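J.: This is the structure I want to talk about, given as structure tokens.
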């Protein structure tokens with residue numbers, strides 16, 4: 001069992017039951033999935049950028065990424081419908097908890113001038129989204145062999161619709177939220 005999954009089951013659930021005043025563990029917020037997305041507008045001209053992004057995303061997550069395609073044609077961007085413009089991975093179960101553990105303990109502290117993630121990046125439906133400006137913060141990515149730096153979006157999806165409850169859940173997991181007035 002993943003370390004964070006065990007922590008959730010043994011430590012966080014009893015704390016949340018007490019804090020929210022509920023006896024039913026199924027009514028508490030829990031993680032459903034984590035979606036990682038890399039949008040590669042530059043892949044239109046250079047196919048190698050997409051191939052490198054696919055390789056990095058598979059190394060980071062341990063899962064084969066899905067290539068995303070353009071839904072519409074946009075002449076101003078020289079974009080045609082169906083062109084490959086990004087990649088994404090959906091993590092669930094053990095891999096989801098392992099990725100979240102590596103994100104919180106290894107990757108986020110390696111971000112330059114890191115003062116915490118934004119505490120207001122919730123969508124109103126209990127999901128949290130954040131962005132990283134480069135994939136090099138993950139120790140799995142070999143910075144010496146990487147030709148291009150590429151950012152990524154990370155969305156943490158929960159089964160709760162209450163943003164405040166989800167924030168408490170992520171704090172218990174160890175998510176480093178920035179302090180008010182910090183960033």
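The values are calculated or read from the model by the stated rules, or taken from the named source; none is laboratory data. Nothing here was measured: the structure is a model prediction, and the numbers come from that model. When we count neighbours, we look across all protein chains shown, and the Cβ atoms used for this are built from the backbone with ideal geometry, even at glycine.
J.: Going residue by residue through the stretch 82-89, is there one that turns out to be within 23 Å of residue 126 (Cβ to Cβ) and at pLDDT 90 or above? Break it down stepwise before answering.
T.: Kept after step one, since they are within 23 Å of residue 126 (Cβ to Cβ), are these residues of the stretch 82-89: 88-89.
From what is left, the residues that are at pLDDT 90 or above are 88-89.
Yes, there is a match, as at least one residue in the stretch 82-89 is within 23 Å of residue 126 (Cβ to Cβ) and at pLDDT 90 or above.
J.: While we're on this one: Identify, by number, the condition in (1) touching a residue at least 12 places away in the same chain (Cβ under 8 Å); (2) within 23 Å of the chain's Cα centre (by Cα); (3) surrounded by fewer than 19 Cβ atoms within 10 Å (Cβ to Cβ); (4) farther than 28 Å from residue 168 by Cα that residue 13 doesn't meet.
T.: Of (1) touching a residue at least 12 places away in the same chain (Cβ under 8 Å); (2) within 23 Å of the chain's Cα centre (by Cα); (3) surrounded by fewer than 19 Cβ atoms within 10 Å (Cβ to Cβ); (4) farther than 28 Å from residue 168 by Cα, only one is false for residue 13: (4).
J.: On to the next question. Among the residues of the stretch 87-109, what is the count of those that are more than 12 Å from residue 173 (Cα to Cα), in a helix (DSSP H, G or I), touching a strand residue (DSSP E or B) at 6+ places or on another chain (Cβ under 8 Å) and in contact (Cβ under 8 Å) with a residue 40 or more places away in the chain?
T.: 3
J.: Just checking, does the stretch 28-43 include any residue being assigned to a helix (DSSP H, G or I), at pLDDT below 90 and in contact with a strand residue (DSSP E or B) (Cβ under 7 Å, 6 or more places away or on another chain)? Steps first, answer last, please.
T.: Filtering the stretch 28-43 for residues assigned to a helix (DSSP H, G or I) gives 41-43.
From what's left, at pLDDT below 90: 41-43.
Narrowing the set further to residues that are in contact with a strand residue (DSSP E or B) (Cβ under 7 Å, 6 or more places away or on another chain) leaves 41, 43.
Yes, the stretch 28-43 contains a residue that is assigned to a helix (DSSP H, G or I), at pLDDT below 90 and in contact with a strand residue (DSSP E or B) (Cβ under 7 Å, 6 or more places away or on another chain).
J.: Quick check, is residue 157 in contact with a strand residue (DSSP E or B) (Cβ under 7 Å, 6 or more places away or on another chain), under 18 Å from residue 96 (Cα atoms) and not in a helix (DSSP H, G or I)?
T.: Numbers: in contact with a strand residue (DSSP E or B) (Cβ under 7 Å, 6 or more places away or on another chain): yes; under 18 Å from residue 96 (Cα atoms): yes; not in a helix (DSSP H, G or I): yes.
Against the criterion (in contact with a strand residue (DSSP E or B) (Cβ under 7 Å, 6 or more places away or on another chain), under 18 Å from residue 96 (Cα atoms) and not in a helix (DSSP H, G or I)), residue 157 qualifies.
J.: In addition: What is the residue count in the stretch 46-69 for residues that are in contact with a strand residue (DSSP E or B) (Cβ under 9 Å, 6 or more places away or on another chain), at pLDDT below 85 and surrounded by fewer than 15 Cβ atoms within 10 Å (Cβ to Cβ)?
T.: 2
J.: What about residue 23, is it part of a helix (DSSP H, G or I), out of contact with any helix residue (DSSP H, G or I) (no Cβ under 6 Å at 6 or more places or on another chain) and free of Cβ contacts under 8 Å to residues at least 60 places away in the same chain? Give the derivation first.
T.: Working: part of a helix (DSSP H, G or I): no; out of contact with any helix residue (DSSP H, G or I) (no Cβ under 6 Å at 6 or more places or on another chain): yes; free of Cβ contacts under 8 Å to residues at least 60 places away in the same chain: yes.
No, not satisfied.
J.: Can you confirm whether residue 18 is modelled with pLDDT of 85 or more and loosely packed, with under 15 Cβ neighbours inside 10 Å? Show your work before the answer.
T.: Values: modelled with pLDDT of 85 or more: yes; loosely packed, with under 15 Cβ neighbours inside 10 Å: yes.
Criteria met by residue 18.
J.: Let me ask you something else. What number of residues in the stretch 114-140 are farther than 30 Å from residue 28 by Cβ and more than 16 Å from the chain's Cα centre (by Cα)?
T.: Quick first cut of the stretch 114-140, residues farther than 30 Å from residue 28 by Cβ only: 133-137, 139-140.
Remaining after also requiring more than 16 Å from the chain's Cα centre (by Cα): none.
Final tally of qualifying residues: 0.
J.: Can you say whether residue 149 is assigned to a loop (DSSP other than H, G, I, E, B) and either exposed (fewer than 14 other Cβ atoms within 10 Å of the Cβ) or modelled with pLDDT under 85 (or both), as far as the supplied structure shows? Break it down stepwise before answering.
T.: Numbers: assigned to a loop (DSSP other than H, G, I, E, B): yes; either exposed (fewer than 14 other Cβ atoms within 10 Å of the Cβ) or modelled with pLDDT under 85 (or both): yes.
Yes, satisfied.
J.: Those residues that are part of a loop (DSSP other than H, G, I, E, B), surrounded by fewer than 14 Cβ atoms within 10 Å (Cβ to Cβ) and out of contact with any helix residue (DSSP H, G or I) (no Cβ under 7 Å at 6 or more places or on another chain), I need them from the stretch 117-142; list them, please.
T.: 120, 123, 125, 133, 142
J.: Looking at the stretch 131-179 only, could you name the residues that are farther than 22 Å from residue 56 by Cβ and without any contact (Cβ under 8 Å) to a residue 12 or more places away in the chain?
T.: The answer is 164, 171.
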